[in-house]
Amino acid sequence: MCSYTCYKLFILFLTYYQINTQYIPFDTIVSFGDSNSDTGNVYSLTHQIWPIVPPYYRGRFTNGPVWIEKLGVSDIKNYAYGGATTDNNLVQGYTAGGVQVVPGVRQQILIYVNQTNKNEINFERTLYIIWAGANDFYFNKLLKPSLVADSNVNRVKELLKFGAKHLLIVNQPPVHALPSNLTEKDIAHLKQRTIYHNNNLSAGITKLNYNHNEISIYLFDVYSLILNIIDNKSNYSLTSMDNCWNIVNGKIITLCSNPESYFYIDQYHFTARLHELIGNAARQFIGTSSAITHLPSLIYIILCALITFIISSSS
């Protein structure tokens with residue numbers, strides 16, 4: 001009787017574990033970054049002038065919700081700005097055709113820290129996200145990849161100092177795949193710099209994780225994800241690597257009728273379809289990573305319950 005009951009309890013545990021790897025255990029997201037994560041900050045900053053709505057979706061730099069809105073968390077505190085760099089002291093970021101200054105991630109974090117009462121934050125249930133770096137290279141093509149990676153790592157340290165316990169850092173996507181008239185030499189150069197940056201970022205995050213056992217820093221490999229989608233695009237009903245819209249002198253020229261089958265909505269930004277795929281993959285990654293992190297404590301709870309049941313059954 002006990003063996004059967006124990007077996008059933010163990011099955012319930014496995015079911016619980018499987019379910020919890022599909023959802024992330026956070027009820028608040030605090031996001032810092034650039035246009036990949038901006039949900040309307042630039043749109044508000046420019047008094048609803050940029051990006052142009054429509055066809056852009058509600059101030060996003062795409063034709064629908066962005067990836068962080070696909071993570072299954074409704075409370076999103078978003079400080080990301082299109083055109084932002086990792087730090088304006090390293091490279092100044094701009095948007096709206098290069099005329100509007102925007103806060104870099106370092107400045108975004110300062111804004112957040114200065115206007116937030118940390119005593120009101122449940123750090124165990126709050127996930128901090130950073131996705132930035134591409135604009136550093138865009139505005140300074142001679143910048144060393146290690147400097148940008150170190151800048152991102154320093155941003156993580158600032159959040160750790162504030163009290164963050166759970167962070168998701170996104171590396172750089174394959175920018176050499178952007179729809180543009182780049183030469184083979186330019187493509188090779190961009191690819192090399194992106195790989196160098198991602199390797200340096202990975203090393204920095206690994207070191208932080210090693211030195212901070214009490215916190216969780218997840219490094220989401222969007223670079224490999226995008227390459228995998230490119231190699232298997234037919235599985236996702238994607239047919240074109242080109243851009244659906246073209247931005248010329250601040251005006252939008254429509255080049256396609258079905259953005260859902262395109263990778264890029266304009267020369268620099270993913271379509272809502274790609275954001276959806278990125279968000280789904282990130283949600284699964286976070287759910288699995290956090291479940292693995294908490295697995296030992298879950299096993300301990302289950303074992304205690306089983307031992308208690310066995311003792312009570314035998315008495």
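Remarks
- ILE169 in contact with a Pro (Cβ under 8 Å, 6 or more places away or on another chain) and without any contact (Cβ under 8 Å) to a residue 60 or more places away in the chain: no
- Qualifying residue in the stretch 174-187 (condition: touching a helix residue (DSSP H, G or I) at 6+ places or on another chain (Cβ under 9 Å), modelled with pLDDT of 90 or more and either more than 30 Å from ILE49 (Cβ to Cβ) or not basic (Lys, Arg) (or both)): yes
Here's the yes/no breakdown for (1) among the basic types (Lys, Arg); (2) farther than 22 Å from HIS269 by Cβ:
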{"site": "PHE162", "(1), (2)": "no, yes"}
{"site": "LEU168", "(1), (2)": "no, no"}
{"site": "PRO173", "(1), (2)": "no, no"}
{"site": "THR194", "(1), (2)": "no, no"}
{"site": "ASN198", "(1), (2)": "no, no"}
{"site": "LYS207", "(1), (2)": "yes, yes"}
{"site": "GLU214", "(1), (2)": "no, yes"}
{"site": "LEU219", "(1), (2)": "no, yes"}
{"site": "VAL222", "(1), (2)": "no, no"}
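- Against the test of being assigned to a strand (DSSP E or B) and either surrounded by 17 or more Cβ atoms within 10 Å (Cβ to Cβ) or not hydroxyl-bearing (Ser, Thr, Tyr) (or both), the options ILE187, ILE169 yield a single qualifying residue, ILE169.
- Enumeration of residues in the stretch 39-83 that are outside any loop (DSSP other than H, G, I, E, B) and either under 13 Å from the mean Cα position of the chain (by Cα) or touching a residue at least 40 places away in the same chain (Cβ under 8 Å) (or both): ASN41, VAL42, LEU45, TRP67, ILE68, GLU69, LYS70, ASP75, ILE76, LYS77, ASN78
- Pick from the stretch 260-272, criterion in contact with a strand residue (DSSP E or B) (Cβ under 8 Å, 6 or more places away or on another chain) and surrounded by fewer than 22 Cβ atoms within 10 Å (Cβ to Cβ), ranking: farthest from PRO173 (Cα to Cα): SER261
- Strands (runs of 3 or more DSSP E) completely within the stretch 190-269 that count 1 or more residues being of a type in the set (Lys, Arg) and either over 30 Å from VAL99 (Cβ atoms) or more than 21 Å from the chain's Cα centre (by Cα) (or both): 251-254
- Selection status of PHE123, closer than 29 Å to GLY250 by Cα and over 14 Å from the mean Cα position of the chain (by Cα): no
- Residues of the stretch 219-246 classified as over 16 Å from HIS275 (Cβ atoms), out of contact with any Phe, Trp or Tyr (no Cβ under 9 Å at 6 or more places or on another chain) and small (Gly, Ala, Ser), total: 2
- Strands (runs of 3 or more DSSP E) lying entirely in the stretch 89-166 (those with 1 or more residues that are touching a residue at least 40 places away in the same chain (Cβ under 8 Å) and over 26 Å from GLN48 (Cα atoms)): 126-131
- All positions within the stretch 270-291 that are part of a helix (DSSP H, G or I), closer than 19 Å to THR39 by Cα and not acidic (Asp, Glu): ALA272, ARG273, LEU274, HIS275, LEU277, ILE278, GLY279, ASN280, ALA282, ARG283
- Condition met for SER3 (at pLDDT 95 or above and either hydrophobic (A, V, I, L, M, F, W, C) or not in a loop (DSSP other than H, G, I, E, B) (or both)): no
- Some residue of the stretch 74-83 being modelled with pLDDT of 95 or more, touching a helix residue (DSSP H, G or I) at 6+ places or on another chain (Cβ under 9 Å) and surrounded by fewer than 19 Cβ atoms within 10 Å (Cβ to Cβ): yes
- The residue list GLY93, GLY163, GLY133 contains one member that is under 15 Å from the mean Cα position of the chain (by Cα) and modelled with pLDDT of 95 or more, which is GLY133.
The values are calculated or read from the model by the stated rules, or taken from the named source; none is laboratory data. Here the structure is a predicted model, which is why all the values come from computation and not from measurement. Reconstructed Cβ throughout: ideal geometry from the backbone, glycine too, with neighbour counts over all protein chains shown.
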